[in-house]
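A.B. asks: If you scroll down you'll find the structure; I have some questions about it.
Coordinate-derived values only; no laboratory data. All values derive from a computational prediction rather than experimental measurement. Heads up, the Cβs are rebuilt from the backbone with ideal geometry, glycines too, and the neighbour counts pull from every protein chain shown.
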Amino acid sequence: MSDIGALAAALLESCEARGLMIATAESCTGGMIIAALTDIAGSSAVVDRGFVTYSNEAKKDMLGVSEETLKAHGAVSRETALEMAAGALAHSRASLALAVTGVAGPSGGSAEKPVGLVWFGVARKGMPVEAEFRLFEDKGRDFIRRETVRTALGLGLKAVGQAGFAAP
């Protein structure tokens, strides 16, 4: 089993033990996080749904990301990641939502938002939504996307392990 597979299995096991459901909201990974989770037999006990919101329209329509946020901060921003995670939680039966938005390359980067910049959002029922970013080395699109999946799964494990986080 790959390290991503092992992380996915650990997250599923941790969520199942706590009676939690997971949803994802993915932009730059295009569904790779939900795929890593659903590659594992029995994941339906824990996985509710995955939103692939590659376009700004999809972010708005499916997750409720505001036009104002996208205009003021852009799709790759802390604010958008927070709204994506909150939207995935609000539009699902999940207790935990993982969101990612970033620049996977090879083009599309800028001085302010270079290739490899990814924002992660984590929403948990009853807790404040959190966001953090990583700037992955530009070793190609596949590398950035795999590292994004690995990091998101790790943040999910961290969120499940936090004190006070319990099933609704």
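A.B. asks: Straight-line reach from residue 60: which lysines fall under 22 Å, measuring Cα to Cα and dropping same-chain residues less than 8 apart?
C.D. replies: Those lysines meeting the cut-off are 71, 113, 125.
A.B. asks: Further, regarding this structure: Would you calculate, for the chain, the mean residue ellipticity at 222 nm contributed by helices, counting each DSSP H stretch of 4 or more residues as -39,500 (n - 2.57) and dividing by all residues, to the nearest 500?
C.D. replies: -13500 deg cm²/dmol
A.B. asks: Net charge near residue 8, counting Lys/Arg +1 and Asp/Glu -1 over other residues with Cβ under 11 Å of its Cβ? Walk me through the numbers on the way to the answer.
C.D. replies: Numbers: positive: 150; negative: 3, 13, 39.
Result for the local shell: -2.
A.B. asks: Can you work out the PRE-style zone for residue 55? Point 7 Å along Cα to Cβ, and I want the residues of region 78-121 with backbone N under 18 Å.
C.D. replies: Flagged as within label range: 102.
A.B. asks: With label points built 7 Å along Cα→Cβ from the Cα atoms of residue 67 and residue 39, find their separation and express it in nm.
C.D. replies: Distance between the two pseudo-spin positions: 4.0 nm.
A.B. asks: In the neighborhood of residue 66, defined by Cβ-to-Cβ distances under 10 Å, what is the net charge if each Lys or Arg adds +1 and each Asp or Glu adds -1?
C.D. replies: Result for the neighbourhood of residue 66: -1.
A.B. asks: Which order, highest average first, do 86-96, 62-72 follow once you tally other Cβ atoms within 10 Å for each residue and take the mean per peptide? Mind dumping the intermediate values first?
C.D. replies: Numbers: 86-96: 21.6, 62-72: 15.5.
By packing density, highest mean first, the sequence is 86-96, 62-72.
A.B. asks: Which of these values of P(r) over Cα pairs in 5 Å bins from 0, in percent was calculated from the structure shown: (i) 1, 8, 16, 20, 20, 16, 9, 5, 2, 1, 0; (ii) 1, 7, 12, 14, 14, 12, 9, 6, 5, 4, 4, 3, 3, 2, 2, 1, 1, 0; (iii) 2, 10, 20, 23, 21, 14, 7, 3, 0?
C.D. replies: Read-out taken from this structure: (iii).
A.B. asks: If I take every Cα pair under 8 Å that is 6 or more residues apart in region 3-161, average their sequence separation and divide by the length, what percent do I get for the relative contact order?
C.D. replies: That works out to 24 percent.
A.B. asks: May I pose another question? Under a Cβ-Cβ cut-off of 11 Å, what is the net charge of the residues other than residue 93 that fall near it, where Lys and Arg count +1 and Asp and Glu count -1?
C.D. replies: Spelling it out: positives minus negatives among the neighbours equals +1.
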